[in-house]
Amino acid sequence: MSRTVGRWASCALLLMGVVTACSPQPNGSTDTSAKQPAPAVFDPPAKFDAKAGVPMPKAATASLLNSQGKDMGLLRNPVELYKDKVYVATQESLLAVDTTKGAVTAITPEATPVTNPQDSIGFAMVSHPVVITEGASPLALASFVVKQPTVGTHAERVFVEVTAVNAASAQVAWRLPLDIPQWAKDAPDPSTARVVGSSGRVALVTVGAFKPAGRITYAIDLLERRVLWTRDLFEAKTIAKGTVVGTTKDAIDSQYAAAAGYDLNTGEQRWRGEDSEYPGVGTGGRQFVNVGGRSKAGVDFHQLVDPQTGAVQKELPDMGPADCEFDGNSTLVCFRNWKGLSVWAFDTSNGELRWTLPNNAANRIAPTVTAVWHGRIYGRTVSGPLALDARTGEDLPASPGIAPYAVNEYVGLALKGTDAVAYPAIG
């Protein structure tokens with residue numbers, strides 16, 4: 001699943017977890033008589049069974065709704081899908097949910113989680129995404145800010161606990177502690193941790209605080225289970241062409257930051273852009289990253305950039321506070337779900353604009369986009385759920401039945417009122 005990226009500053013920092021509990025697990029028996037038939041697979045789904053929804057935990061709506069239960073529009077997809085499982089993380093645990101039955105396995109850290117009390121009242125709810133790695137044995141990666149209490153002469157210790165869980169079985173594979181810098185320990189607000197992504201054998205974790213507004217990035221070798229490198233005052237955002245791209249600054253309290261690229265395996269800096277306000281970095285497909293912000297001269301910019309060199313490949317139109325997602329094929333879909341609905345689609349091979357909505361000449365309006373996956377755009381208008389061809393922008397003939405905010409070949413998750421519900425793909 002691609003992760004949503006904001007037009008300017010990215011929305012949140014995050015936390016996740018390790019195994020404790022709870023639904024029945026397979027016992028390893030070779031008797032196949034009791035096995036359930038494998039669910040149908042559709043890539044991408046054209047339709048979901050809107051009458052066969054399975055309720056998901058409340059945590060699966062984190063960042064989708066504000067404290068009044070209204071759709072927040074820009075902050076989306078707090079979950080990661082693996083086949084017919086949903087992984088969703090909070091400050092205190094990682095939940096593995098069976099979308100066919102709703103059974104939940106709770107995964108918690110060994111040390112005590114450090115939580116932000118705002119989240120408990122729903123005021124500052126943000127998503128805590130999980131990363132599913134590629135490979136023969138995929139892992140669900142989660143991270144927690146935790147503490148160990150004072151024991152004897154050993155003072156209380158605050159650190160980050162990274163947890164790797166077998167994505168198929170929901171069993172803990174390993175755990176890795178990360179020391180955090182002193183500024184993060186001394187921050188008046190609890191620090192937060194986020195697993196940003198992975199490529200090959202390397203995964204990225206960022207740790208930061210809002211006051212002071214500092215960030216640090218760790219690169220972790222998933223096979224050797226160790227830290228490869230760290231980069232202080234750098235917040236990783238995405239990985240492309242062997243390069244970690246994110247935002248960096250010269251000092252914690254600096255009002256300016258710059259987009260920058262670092263070698264995924266060594267952490268050596270490959271390039272750094274100009275300092276700007278509100279810099280944002282996100283996916284641009286396999287060849288590019290998209291970079292936006294406001295220059296020191298007060299000029300807004302939005303560009304497709306070569307991740308290895310930082311060279312600008314394409315100036316994009318001013319889209320305002322839009323999210324952009326790569327469809328996994330050949331299209332970068334950018335959309336604004338507030339202050340006037342709009343959708344733009346760009347060719348990820350050259351950055352050319354393919355189409356945009358609304359289109360007054362064709363008497364077409366823009367939908368609210370909820371998900372982009374494998375050549376398809378899911379969303380809704382006043383007439384109900386719909387799907388568009390990501391390459392052409394044309395309406396697909398059949399309604400998908402729901403407007404999923406998370407989707408794979410097995411299932412779609414959608415809001416039903418203020419609840420998250422999983423619906424099986426049926427076509």
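The values are calculated or read from the model by the stated rules, or taken from the named source; none is laboratory data. The model shown is predicted, which means the values in this text are computed figures rather than measured ones. Here the Cβ is made from the backbone with ideal geometry for all residues, glycine too, and neighbour counts use every protein chain on show.
Selection of segment 395-413 for residues being within 13 Å of Lys47 (Cα to Cα), modelled with pLDDT of 95 or more and small (Gly, Ala, Ser) yields Ser399, Gly401, Ala403, Gly412.
Restricting attention to segment 241-252, the residues that are in contact with a Gly (Cβ under 7 Å, 6 or more places away or on another chain) and surrounded by fewer than 24 Cβ atoms within 10 Å (Cβ to Cβ) total 2.
Restricting attention to segment 368-391 and to residues that are out of contact with any Pro (no Cβ under 9 Å at 6 or more places or on another chain) and more than 27 Å from Asp306 (Cβ to Cβ), the residue that is surrounded by the most Cβ atoms within 10 Å (Cβ to Cβ) turns out to be Thr368.
Restricted to segment 392-409, and to residues that are buried (at least 20 other Cβ atoms within 10 Å of the Cβ) and out of contact with any Lys or Arg (no Cβ under 6 Å at 6 or more places or on another chain), which residue is farthest from Phe326 (Cα to Cα)?
Restricting attention to segment 392-409, the residues satisfying the condition of being buried (at least 20 other Cβ atoms within 10 Å of the Cβ) are 393, 400-408.
Then keep just the ones that are out of contact with any Lys or Arg (no Cβ under 6 Å at 6 or more places or on another chain); that gives 393, 402, 404, 406-408.
Working: Gly393: 15, Ile402: 21, Pro404: 16, Ala406: 14, Val407: 14, Asn408: 14 Å.
In this case the residue turns out to be Ile402.
Please work out if Arg270 is within 29 Å of Lys70 (Cα to Cα) and basic (Lys, Arg). Spell out the reasoning first.
Working: within 29 Å of Lys70 (Cα to Cα): no; basic (Lys, Arg): yes.
Judged against the criteria, Arg270 is not a match.
Has segment 71-80 got at least one residue that is small (Gly, Ala, Ser) and closer than 14 Å to Val407 by Cα? Talk me through it step by step, then tell me what you get.
Residues of segment 71-80 small (Gly, Ala, Ser): 73.
Those still in the list that are closer than 14 Å to Val407 by Cα too: none.
There is no residue in segment 71-80 that is small (Gly, Ala, Ser) and closer than 14 Å to Val407 by Cα.
Of the residues making up segment 311-339, those that are surrounded by fewer than 21 Cβ atoms within 10 Å (Cβ to Cβ) and closer than 18 Å to Ile239 by Cα are Ala311, Val312, Gln313, Gly328, Asn329, Ser330. Among the residues of segment 148-157, the ones that are surrounded by fewer than 15 Cβ atoms within 10 Å (Cβ to Cβ) and part of a strand (DSSP E or B) come to 2 in all. Among what's in segment 56-107 and is of a type in the set (Val, Ile, Thr) and within 21 Å of Asp43 (Cβ to Cβ), pick the residue that is surrounded by the fewest Cβ atoms within 10 Å (Cβ to Cβ). Step by step, filter segment 56-107, then rank; the result is Thr100. Residues of segment 172-189 that are small (Gly, Ala, Ser) and surrounded by fewer than 18 Cβ atoms within 10 Å (Cβ to Cβ): Ala173 alone. Residues in segment 234-248 that are among the polar types (S, T, N, Q) and closer than 14 Å to Leu304 by Cα: Thr238 alone.
Inspect all residues belonging to segment 64-77 and state whether any of them is at pLDDT 95 or above and assigned to a strand (DSSP E or B).
If we filter segment 64-77 for residues that are at pLDDT 95 or above, which is where we start, we get none.
No; the residues of segment 64-77 include none that is at pLDDT 95 or above and assigned to a strand (DSSP E or B).
From the list Thr217, Thr192, the one residue that fits, being modelled with pLDDT under 95, buried (at least 16 other Cβ atoms within 10 Å of the Cβ), in contact with a Gly (Cβ under 9 Å, 6 or more places away or on another chain) and not charged (D, E, K, R), is Thr192.
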